Amino acid sequence: MNQPTPVPEQVDAVVVGAGFSGLYMLYRLRELGLSAKVLEAADDVGGTWYWNRYPGARCDIPTTDYTFSFDPELEKEWTWSEKYATQPEILDYLRLVADRHGLRSDIEFSATVTSARWDEQEERWRITTGRGEQIRCRYYIMATGCLSVPKSPDIEGAGRFAGPVYFTSRWPHEGVDFTGQRVAVIGTGSSGIQSIPLIARQASQLTVFQRTANFSVPAHNGPAPADRLKLLDEDRAGYRHAARWSRGGIPVEPTDVLGVAASEEVRRERFEAAWAQGELFSILNIFADQGVNPASNDIVAEMIREKIRSVVTDPATAEALCPKNHYFGTKRPCLDTGYFETYNLPHVRLVDLREQPIVSITEDGIETAEESFGFDAIVYATGFDAMTGALVAADVTGRDGLSLTEKWAAGPSTYLGLMTAGFPNFFMLTGPGSPSVLSNMAVSIEQHVDWVAGCLKDMRDQGLETIEPTELAEAGWNQHVQDCAAITLHPTANSWYMGANVPGKPLVFLPYIGGVDAYRQACDDVVEQDYLGLQLAGPGGDRCRDGVIRRMQPDVAMVLAFMATLDLPAMETLSAADARGLLAATAADRPPGPEVGEVTDGVIPGPAGDLPYRLYRPAGPPMGPRPLVVYFHGGGWVLGDLDSDDPLCRELCERSGALILSVNYRHAPEDRFPAAALDAFAAVQWADANAVGLGGIPGQLAVAGWSAGANVAAVACQLARDAGGPRISGQLLICPVVDSDLTPPSYQENGDGYILTTALMRWFWDYYADPSDRGDPRAAPLRGDLHGLPPAGIVTADFDPLRDEGVAYARALEAAGVPVRLTRARGHTHTSVTMVGVVISGAPVRAEMGQALRTFFPSAEPQELVS
Ligand code: NA7
C-alpha cells in the first residue's frame, strides 16, 4: 500500500541558519506575528561560532561592538570577559540569546536544506530537507553566513594521509590533544594565525606550510577597551547609532591624513598608535589614502614588515613571513597573539610554499618539491568558499527553473546584497554586494534583518505578497559595487574577497566596500523612494518604480559631499573677478598631477596682444620631436588660466606621449565673443608655424580642450577648415560647450547640484556673447557646417548639463562623415573627469582621452612614445 504523501508544513518564512543573523531574523519575524521556522544543520545554535572551534578561535572585532544591540536588557545582563572573546564565550552568548527569547522552539536542528524551489502557481517556496521533510513558505531567508562552506582541500593526494586530519572550520567538539605529535598546519589566514601559537604549545614539532605571507597585528587582548566601555556607559544609544552610521560598523573617526603627504614623524606616530591599539579598524585607518594609493599603502606595509623582522630572530624565516605580494588590507588582515614569536621556538618551522610547493600529501606526511615531511596529524586552515558558497550549495531554483548556480555562473548578481532577480521573496542576509565581511558583522546583520523585517511589514500592510528586484536595478547595484571596489587596491589581490581562493570561481569583488554608512543610506533610500527597483505584487495591486539607486561614481559623490561642507558661494552670484579668485583658491590644495619631462612657459602673439602658453614635454625617451596638441582650458570663457588645468595637461601629456601646448586666451567680460575663438585659432596657426621650434613634428597637430576650452577648440577646427589650414589631425573635446540652448534633457536632469549648473552656464553665456551672437557657429559650433572637420574624440559625463550637446555634436559630426570616438564618463560630472589625483574613477576616462589623442597621430609610431 502506498504511503500517504506527507502534507507539507506551511509557514510564512523559512530561515536557514541559526547563527547571529538567523537568530535575530527569527526574533523579528515573530515580532511581526509571522510564523517561521529556522533550519539549522548543526545540533545547536551558533553558526560560525558553532563550527569554528579550533584552538585560539576568537572574534577580531572588539566585543564592545561584536554584539547585538536590539535587546537593551541583554546588553545589561551580559558582560564580555575580554576585548576579543573566545569561540566558547561567543557561543555561550548566542545560546543565551536563543534561550532568553525562547527561540529554540522554532529552530529545527540537524536539518539541512537539500533544495528550495519557487512554485509559480502558489507563489510559495517549496523547501526539502535532508530528512525528506517538505515545507512551504512565502519567504525564504538565507542566514547562512559568509564563511560557512569550507574550501575542499585542493591539494594533490589530500585523501591519502593515514593519520588524523583536522579542519579548523570543522574542529572536533571534544578538542584535540597534539602533545608529543609532529603536526602540519596548512594555511596562514586568520584561522591558521590564531591556532598556530596554541598548537605549538602542545606539538613536539610543528611545521607551517605557508602559501601567502599574511599581515597580522598583535591583538593586545585583555579586558574590553576602557575607552569604548566609557563611551558606552555614557551614552549607549548614541554609541550604537554612531556604529550604525560609521564606515565599518565601529565608531572610528575616518582620518584625513594622507600617507603620501605626511611627515615621517607623523607617519610613525600614527602607525605606532594603531599598532598599540590592536584593532583592525585602527590599522586600516592610519592614512586616508592607504586603501587606494599604492605609495601610501607601502608605507604601512613596510612598517608592519619592520615589526615582523624585529620579532622573528631567523632572518630567512622573518623574510618569508613578510607579506610582499599583496597590498595591506586587500586580503583580510589578522589579529594575533604571539604568532610571529612562535617561529622563534626551536620545534616550529615555516615552509614557504612559494619556494618549495607541495607536490602531494602522502600516506605519512607531505612531500614538497624539495623535501619529504613525516607527520602524525595534518591541520587544514585553508579557508572557505566565501560569501557565495553556502548560497549556491543550497540548490535554490527561482522562476522558470533557473537555479542560483546557473544565474551566478559568472559571479553573484544581487540587489543590495539582499535579493536577486528571478527569485521572488528570496532574501540573503549579508549576501554578496553588501558590506558583510568588510564590516562589523553584528552591525551589518542587524541592519539587514531590520531592513527585511521592515520590508515584510510594509508588504503586509499594503497587501503585497511578492517582491523581486528588476534587472535594471540589480545591474545598477552590481555596477556600483564594482565601481566602489575599482577605486581601491582590493581587486589587485588574490583574495577570497575576489573569489580567488577557490579554483574556478569567477573573479568578482564580492562585498560592498563603500561603507556601512553609505550602504545603510542606499537601503533606506530604496525604501524612501517607494522600494525603487523592486517589483511588488499582491491583492493590494502590482507596482514597480524601476530605477538605479546609485549611478554616481563613489569618489565623485564624496567630492560633491565634501564641497557641500565648504558652503562656497554660487559662482554666478559673484563678480567675474571674485569668481576667478574663488576658482584659484579652491585649486590651491589639489594634487599637482603627474611629473612630466619638462614644462616651459612662453607667449604667443595673438590677434590683440600676447597670449601666455605653457608647454609640457613627456618624460623619457625618445628625445626627438613629438606630435603637438594645442590645449584650451575650461572656465566658461570667463574663468581659468594656465594653472587651472595644469594637472590635466600633465596627465594628457603623460598619457598621449605628445607635447601639450596649453594656451590662455582672452576672457569675458573684458573681451567678449568672438575674442576667445579668434585667439584659439591664432594659437593653432602659430603652433603649426612654430611646430619644429616647439619640438613638434610638422603636420602632426591636434587640438584639445575642456568645457568652454573645448568650445574654442571645436571652433578653431571649423575656422581652420574654412581658411584652408592649418591641417589639424584631430580634436579632443572634453565635456564641450557646443550650443547655447539651455533646454536639453541633460540641463533638466543635471542643471542643479553638480557644480556646473544651469544658472552658471547662463551667467557664462551672458558674459561671453550677446543673445544675437549665440547662434553663430563660432559660439555654437553645433550649428556650423561639420563637413571636412578633423576626427573627433568627444567625452561626455552622465551628470553634466552639457551631456546632450556633446552627444549631439558627436552624432552630427558622424552624419557629416567625420570619424568620432565618443566616450561616456559613466557616473561623472562636468568637473570630476578633470580632477586628476582626486577622482580615481576618472583615471580610465583620462586614459581614453590619452588614447584618443594617440589615434590622431598614426605616423607617430606610438610604441616609441612614453606613457
Ligand atoms: P583564509 O583567510 O582564506 O586563509 C586560508 C589560508 O589557507 C591562506 O593562507 C591560504 O593561502 C591557504 N591555502 C588555501 N588553500 C591552500 C592550498 N591549496 N595550499 C596551501 N595553502 C592554501 O581562511 P581562514 O579560515 O584563515 O580565515 C577566514 C576568515 O575567518 C578570516 O579572514 C576572518 O574573517 C575570519 P592563500 O592566501 O590563498 O595563498
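The values are calculated or read from the model by the stated rules, or taken from the named source; none is laboratory data. The structure displayed is predicted, hence computed values, not measured ones. Cβ coordinates were reconstructed from backbone atoms using ideal geometry, including for glycine residues, and neighbour counts include every protein chain displayed. Quick note on the areas: whole protein, heavy atoms, side chains included, nothing else; ligands and nucleic acids left out. Shrake-Rupley method; radii C 1.70, N 1.55, O 1.52, S 1.80 Å.
Summary of computed values
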| read-out | value |
| --- | --- |
| Carbon plus sulfur fraction of accessible area for the chain, probe 1.4 Å, in percent | 52 percent |
| Rounded to whole Å, sorted largest first: equivalent-ellipsoid semi-axes of segment 515-602, Cα gyration tensor | 43, 18, 12 |
| Projected-area mean, segment 539-660, by convex hull of Cα positions, square nanometres | 13.7 nm² |
| Between segment 147-195 and segment 526-556, the Cα center-to-center distance that results, in Å | 45 Å |
| Per residue Cα convex hull volume in Å³ - calculated over segment 63-178 | 206 Å³ |
| Debye-sum result for the chain in log10 I(q)/I(0), which assumes one identical scatterer on each alpha carbon, at q = 0.11 Å⁻¹ | -1.24 |
| At R0 = 22 Å, FRET efficiency that the Cβ-Cβ distance of ALA410 and ALA847 yields, to 0.05 | 0.30 |
| For segment 648-687 and segment 69-106, distance of Cα centres in Å | 68 Å |
| Two-decimal ratio, segment 357-504, of alpha-carbon radius of gyration to 2.2 N^0.38 Å | 1.36 |
| Segment GLU371-HIS173, extension gain: residue separation times 0.36 nm, minus the distance between their alpha carbons | 67.9 nm |
| Point-to-point label distance, LEU402-GLU89, nm (Cα→Cβ direction, 7 Å offset) | 4.7 nm |
| Amide H partners (placed H, <5 Å) of GLY533, local residues excluded | ARG545, ASP546, GLY547 |
| Hydrodynamic radius of segment 616-666 per Kirkwood, over alpha carbon pairs, in Å | 11.5 Å |
| Cα-based reach from LYS407 at 28 Å (exclusive), listing lysines while leaving out same-chain residues under 8 positions away | LYS37, LYS151, LYS331, LYS505 |
| Net length gained if the chain between LEU32 and GLU122 were fully extended (0.36 nm per residue, minus Cα distance) | 30.2 nm |
| R0 of 35 Å, Cβ-Cβ distance LEU507-ALA316: FRET efficiency to nearest 0.05 | 0.60 |
| Karplus-derived 3J(HN,Hα), 6.51/-1.76/1.60, for each residue of segment 505-515, Hz, glycine and proline x | 6, x, 8, 9, 5, 8, x, 8, 9, x, x |
| Surface/4 estimate of mean projected area, convex hull on alpha-carbon atoms of segment 751-805, nm² | 4.6 nm² |
| Amide H contacts of GLY606 (H built 1.01 Å from N, under 5 Å, at least 5 apart or other chain) | LEU611 |
| Rg over Rh [alpha-carbon atoms, Kirkwood Rh] for segment 592-702 | 0.97 |
| Area of PHE426 that stays accessible when all protein chains are in place (1.4 Å probe, Å², to 10) | 0 Å² |
| Projected label distance in nm at VAL807 and ALA564, using a 7 Å step from Cα toward the beta-carbon | 2.6 nm |
| Alpha carbon centroid spacing (whole Å) that separates segment 260-306 from segment 577-610 | 34 Å |
| Estimated distance in nm for a label pair at ASP395 and GLU598, the labels positioned 7 Å out from Cα along Cα-to-Cβ | 7.3 nm |
| Cβ-Cβ FRET estimate between GLU471 and ALA162, R0 fixed at 51 Å, reported to 0.05 | 0.45 |
| Amide H contacts under 5 Å for VAL312, placed H, 5+ residues apart | none |
| Ellipticity estimate at 222 nm from DSSP helix runs (n ≥ 4, -39,500 (n - 2.57)) divided over the chain, nearest 500 | -10000 deg cm²/dmol |
| Solvent-accessible surface (1.4 angstrom probe) belonging to GLU174, in square angstrom, nearest 10 | 150 Å² |
| Descending semi-axes in whole angstrom, ellipsoid equivalent of segment 773-867, from the Cα gyration tensor | 24, 21, 10 |
| Per residue, in Å², the accessible surface of the chain once ligands and nucleic acids are set aside, probe 1.4 Å | 38 Å² |
| q = 0.14, 0.17 Å⁻¹: log10 I(q)/I(0) that the Debye formula gives for segment 1-151, counting C-alpha atoms only | -0.72, -0.98 |
| Stokes-Einstein D for segment 61-111, Kirkwood Rh over Cα pairs, 25 °C, 0.890 mPa s (µm²/s) | 205 µm²/s |
| Protection-proxy order for peptides 837-850, 449-462, 303-316, each taking the mean of Cβ atoms within 10 Å per residue, highest first | 837-850, 449-462, 303-316 |
